[in-house]
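Have a look at the structure below before the remarks.
The values are calculated or read from the model by the stated rules, or taken from the named source; none is laboratory data. Since we're looking at a predicted model, the values are computed, not measured. For neighbour counting, all protein chains shown are included, and Cβ atoms are generated from backbone atoms with ideal geometry for every residue, glycine included. Side chains included, ligands, DNA and RNA excluded: accessible areas come from the protein's heavy atoms. Shrake-Rupley method; radii C 1.70, N 1.55, O 1.52, S 1.80 Å.
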Amino acid sequence: MIVHQSIKEILSSEKLNIPVKVRGWVKTFRNDRFIALNDGSTLQHLQLVIDPEKYSEDFLKKISTGAAIEAEGELVESLGKGQKVEVQVEKLKILGEADPETYPVQPKRHTLEFLREIAHLRPRTNLFGAIMRVRSDLAFAIHEYFHQNDFFYIHTPIITAIDAEGAGQMFQVTTLDLKNPPLTEEGEIDYKKDFFGRKANLTVSGQLEAETYAMALGKVYTFGPTFRAENSNTTRHLAEFWMVEPEVAFLDLDGNMDLAEDFVKYIIGYVMKSRAGELEFLEKRLLQEEKSLPANKRSDMPLREKLQFILENQFVRISYTEAIEILKQSKPYKKKKFQFPVEWGVDLQSEHERYLVEKHFKSPVIIYDYPADIKAFYMRLNPDGKTVRAMDVLFPGIGEIIGGSQREERLDVLLEKMKKLGIDEKDLWWYVDLRKYGTAVHSGFGLGFERMVQFVTGMSNIRDVIPFPRTPKHADF
Ligand code: 4AD
Ligand code: MG
């Protein structure tokens, strides 16, 4: 019996004139003779050659784009251009038809907007196949990096009662009857009667729970879905996205920056090797897409060159205070071209980050020591009393791709900060306990996984690098 083989295996086969059996979906069918078949295992299609004399007209009609078929035959050298080998088909079965009248993924250019509306079928396109194979390999590279460096993978909870970032952008989880919720004597909703006996949410970050494990296992990471109910309709935000969060005991901010840089270089280097074909394809697509843009909106470098550039260059590291100085000396600032204010104490906006990365340094930049007032409660206070040991890694075309910090390990300083921000110590008693028992310097960061996939694939909209994007008013599929 001939076992079913993947097209990837067949195309990398050293042997010719061997029997093969393949299954996949028809990409195109030309001259009643040539079928381009794809099974998802690789970007490449396998050419099947059939003898039309052997089949009825009715049968040939069923070999249409999108149909699932099974073919058996001999793998031979191809005389045609464009492929080295092809299959001389002896047996052909239609497994599942795809009515050409209604099947929406025809072999022509579809807009990304249209493909989002058929997110269940867009993986059948060459583009989405390529993106998702890159995404899968990036995820694998992440696990491999941490595994090789003796980190433990910790599964932090999705449902939580805490607000790690304190930004109030959480989705609530409840089983209460929304039409008729139980009330307290004061007329407030009585969450004691809710499923968890308290108010619960979907997590915005696994960091605080990861910290507890770092303070026992030393080096840990979590990699899972996170949720933010921010009503921002940008090309960089999702309501459900995946975050990679390492957390390391006895590591300070400098070590944290080293880790972040080493980590992103590793995973980018990994997919440059493992998905060279896909990246070449994505690079061509990007060049094509950018042709219609004015010259100043196009990328400086082709995709793969940009990735190589990341691998070969050290990230620039500057403090927030230095960043503000540079921005104040900049042309767009002097010509009042920035929309948002540049002033010590205000958060950097995307336009500022992009100026620093794309215009001033032309390199990834790590900005550290931000004003305490614009960052989360858990970041370590500097001796100046007004900045914290935060770091953001900024990438060209993306902006912030990583956010992290050295954590406040001093009990008294942490408690004072929480008090100032109105965070009840009782809600975070276990987090505070870490500072009571065996506290130590520790640090970590969060990488927005989709933003990394965007960077590597050159896709401009984050909705196109996750299988089923969740954004305001969109949760189909
Ligand atoms: O900077 P953020 O909010 O940091 C944290 O959540 C920390 N607790 C991480 C840590 O130190 N363990 O988020 C981290 C990264 C951002 O830099 C960004 O890349 C990504 O997560 N991110 C989003 N990605 C897509 N959609 C959104 N709505 C995102 N919000 C943040
Ligand atoms: Mg951030």
Neighbours by Cβ (under 8 Å, 6+ apart or cross-chain): first from the range 186-199, open to solvent by 100 Å² or more (accessible area, probe 1.4 Å); second part of a helix (DSSP H, G or I) and not hydroxyl-bearing (Ser, Thr, Tyr): Arg198/Lys192
Flag for Ile401 being open to solvent by less than 10 Å² (accessible area, probe 1.4 Å), within 16 Å of ligand 2 (Cβ to nearest atom) and β-branched (Val, Ile, Thr): yes
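Residue-wise test of (1) in contact (Cβ under 8 Å) with a residue 12 or more places away in the chain; (2) open to solvent by 30 Å² or more (accessible area, probe 1.4 Å).
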| position | (1), (2) |
| --- | --- |
| Lys81 | no, yes |
| Lys91 | yes, yes |
| Thr102 | no, yes |
| Thr111 | no, yes |
| Arg116 | yes, yes |
| Leu121 | yes, no |
| Leu127 | yes, no |
Residues of the range 67-79 that turn out to be crowded, with 18+ Cβ neighbours inside 10 Å and outside any strand (DSSP E or B), as a count: 1
One residue from Pro383, Pro396 being open to solvent by 30 Å² or more (accessible area, probe 1.4 Å) and out of contact with any Ser or Thr (no Cβ under 9 Å at 6 or more places or on another chain): Pro383
Check on Ser64, in contact with a strand residue (DSSP E or B) (Cβ under 8 Å, 6 or more places away or on another chain), open to solvent by less than 40 Å² (accessible area, probe 1.4 Å) and within 25 Å of Ala130 (Cβ to Cβ): yes
Only listed residue being within 15 Å of Glu90 (Cα to Cα) and either assigned by TED's automatic domain parsing to the domain that holds Lys84 or not in a strand (DSSP E or B) (or both), chosen from Gln47, Gln5: Gln47
Sole exception among (1) in contact with a helix residue (DSSP H, G or I) (Cβ under 6 Å, 6 or more places away or on another chain); (2) closer than 23 Å to Phe281 by Cβ; (3) in contact (Cβ under 8 Å) with a residue 40 or more places away in the chain; (4) not hydroxyl-bearing (Ser, Thr, Tyr) for Gly24, by number: (1)
Residue in the range 122-136 that is part of a helix (DSSP H, G or I), within 20 Å of the chain's Cα centre (by Cα) and under 22 Å from Phe445 (Cα atoms) present: yes
Filter pass, Asp163 being farther than 20 Å from Arg470 by Cα and either more than 16 Å from ligand 2 (Cβ to nearest atom) or open to solvent by 80 Å² or more (accessible area, probe 1.4 Å) (or both): no
